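Here is the structure we will look at, set down as structure tokens.
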Amino acid sequence: MRIVWSNELETGVRTIDLQHEELIGMINELSDAHLARDQPALLNPIFQRLDSYLHFHFGTEEALMAGLPKSSPLNAQLSSEHLRQHQTFIEQMTAIRARAEAASEDAPGELVDFLSNWLYEHILKTDRHLGALLNEQRAQSLE
Ligand SMILES: [Fe+2]
């Protein structure tokens, strides 16, 4: 699946949206390289770049989450669920990556599918929810 950036993926928080666009670009680049049957040696640099950008991006979202008011139990619950999703994702990605390095034939394709599907679903459900909370808080602070 190739992710195409569209309005439905917008969180309404510019920093997050720009980073998501960047991530989608990198995942599609990885997908194109894989479909072109590039060797793992050529896929690796793209993946390394994507991996460090993912960590940077999760850091951005988690810092924004940490700034949400602690008084709301709902915020706390959503934030801890969001953190859990990021952590599980990193674990799953590392496992697939390890299989790819062990030269399993279908691992790069599996990795591309996993990254595309996860990011799409995560942005649509979890990150958009975070965006709504951040914008709500911003609106309240301006009142
Ligand atoms: Fe997220």
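Values in this text are rule-based calculations from the coordinates and carry no lab data. Quick caveat: nothing in here was measured; it's all calculated off a predicted structure. Note: ideal-geometry Cβ built from the backbone for every residue, glycine included; neighbour counts use all protein chains shown.
How charged is the neighbourhood of Glu91? Take every other residue with its Cβ under 11 Å from the Cβ of Glu91, and add Lys/Arg as +1 and Asp/Glu as -1.
Computed value for this residue: +2.
Stick to the Cα atoms of the chain, pair each with every other, and give me the Kirkwood hydrodynamic radius in Å at one decimal.
Answer for the chain: a Kirkwood hydrodynamic radius of 16.2 Å.
Which helices, counted as full DSSP H runs in the chain, have an axial Cα extent of no less than 24 Å and a Kyte-Doolittle average of -0.5 or above? Can you show the working numbers first?
Working: long enough: 14-35 (31 Å, -0.22); 40-66 (38 Å, 0.16); 73-101 (42 Å, -0.70).
Qualifying helices, which must be both long enough and hydrophobic enough, are 14-35, 40-66.
Which trypsin sites (Lys or Arg not before Pro) does segment 58-123 hold that lie in a coil by DSSP with at most 16 other beta carbons within 10 Å?
Taking segment 58-123 and a limit of 16 other Cβ atoms within 10 Å, the loop trypsin sites (Lys or Arg not before Pro) found are Lys70.
Taking the Cα centre of segment 7-142 as origin and charging only Cβ (+1 Lys, Arg; -1 Asp, Glu), how large is the dipole, in debye to the nearest 20?
Here the size comes out at about 500 debye.
So what's the back-of-envelope 222 nm ellipticity for the chain, counting only DSSP H runs of four-plus at -39500 (n - 2.57) apiece and dividing by all residues, rounded to 500?
Here the helix-only value at 222 nm equals -26500 deg cm²/dmol.
With each label point set 7 Å from Cα along the Cα-Cβ vector, what nm distance links Ala95 and Leu35?
2.8 nm
If r is the Cβ-Cβ distance from Glu21 to Leu42 and R0 is 25 Å, what FRET efficiency results, to the nearest 0.05?
In this case the efficiency is close to 0.60.
Taking 8 Å as the Cα distance limit and 6 or more residues as the minimum spacing, I'd like the relative contact order of segment 7-142 as a percentage. Let's see the in-between values first.
Values: 73 pairs, mean separation 56.4, N = 136.
Here the relative contact order equals 41 percent.
Only Cα pairs under 8 Å and at least 6 apart count here; give the relative contact order of segment 1-56 as a rounded whole percent.
Worked out over segment 1-56, it gives 34 percent.
When the chain is modelled as a GNM with alpha-carbon springs shorter than 10 Å, which of Ile16, Ile46, Ile27 fluctuates the most?
Ile46
Gaussian network model of the chain, Cα springs within a sub-10 Å range: biggest mean-square fluctuation belongs to which of Asp113, Asp127, Asp38?
Asp38
Which of Ser79, Leu142, Asn28 sits closest to the plus end of the dipole of the chain, meaning its Cα is farthest towards the positive end, when Lys and Arg get +1 and Asp and Glu get -1 on the C-beta?
Projecting each Cα onto the dipole axis, the largest value belongs to Leu142.
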